[in-house]
Amino acid sequence: MQLCIALDLPTKEENLALVSKVKNYDVWLKVGLRTYIRDGEEFLKALKTINPNFKIFLDLKLYDIPNTMADAAESIMGLGVDMFNIHASAGKRAMQTVMQRLEKYEKRPLVLAVTALTSFSEDEFRDVYEADIATKANQFAQDAKEAGLDGVVCSAYESLAIKNITNENFMTLTPGIRPFGEDAGDQKRVADVAFAQEQKVDFIVVGRPIYQAQDPAKVVEKILAQL
Ligand code: C5P
């Protein structure tokens, strides 16, 4: 299991200061919408300058018509990131179109599909998708697998079932991790590191419990010691 730190701080300077504190650890860095919209490609380059071995996950959750998603995916290819994601609910054809567009590249980033956002409660999810989270997450994962993606974003609660219906190598990445039972914030389906491990999660995403800590490096070290 690998640790992915969410760089969700309000300014570029704060994010870079956080990254400098964890530069000696073998971790992934997650760049989300706010940071990418504001700081762009330059920020991605700055991360690799701090440590070229950092792996970057560009968390933009693409959702649009198939051709527009494939165009965006192709632009992402030029950024040199190691992983990015798209929404499974954009549909299987959209996922297939993205993967087909990337076929011509010898090396491409990992592509994951977002199933159910971890901030959804069952009721909130049902309002949008008219299904329960577990059933729909499994179906989205199956679609993503058939479309040729590398894995899905889901909560730790769906990881094992998804592995069972796809296969062990189909990756799961789970946000909503509260490594040692910290405050959940707006997340609804949270889990700790030990639970994520039991559920065979490949990547845990941790944001607030690291960047809001007095000593982020210490928290990272404590998490890595458990993996
Ligand atoms: O601070 P926290 O650990 O809750 O951060 C979780 C991160 O994972 C945030 O950047 C959030 O946008 C992202 N995320 C999520 N749920 C998903 C997909 C991404 O919480 N399903």
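Details
- Think of a 1.4 Å ball rolled over the protein heavy atoms: the stretch 133-227 then has 43 Å² of accessible area per residue.
- In the chain, taking the dipole from charged Cβ atoms about the Cα centre, the farthest positive-side position among Thr118, Tyr129, Pro216 is held by Pro216.
- Whether the stretch 110-227 is rounded, prolate or oblate, judged on the alpha carbon gyration tensor where a/c under 1.5 counts as rounded: oblate
- Using the average count of surrounding beta-carbon atoms within 10 Å as a protection proxy, the listed peptides 80-93, 175-188 rank, highest first, as 80-93, 175-188.
- The dipole here belongs to the stretch 13-158: it is taken about the Cα centre, uses +1 on the Cβ of Lys and Arg and -1 on the Cβ of Asp and Glu, and is about 540 debye.
- Along its first, second and third principal axes, ordered by size, the stretch 12-83 spans 40, 21, 16 Å in Cα coordinates.
- Net charge over other residues, Cβ less than 13 angstrom from the Cβ of Leu44 (K, R count +1; D, E count -1): +1
- Compactness of the chain is given as radius of gyration and Dmax, 16.8, 46 Å, from Cα positions.
- For the stretch 64-115: rounded, prolate or oblate by the Cα gyration tensor [a/c cutoff 1.5]: prolate
The values are calculated or read from the model by the stated rules, or taken from the named source; none is laboratory data. In this text, all values refer to a predicted model and were calculated from it rather than measured experimentally. Here Cβ is always computed from backbone atoms with ideal geometry, including for glycine, and neighbour counts include all displayed protein chains. Accessible surface is based on the protein model in full, side chains and every heavy atom, while ligands, DNA and RNA are left aside. Shrake-Rupley method; radii C 1.70, N 1.55, O 1.52, S 1.80 Å.
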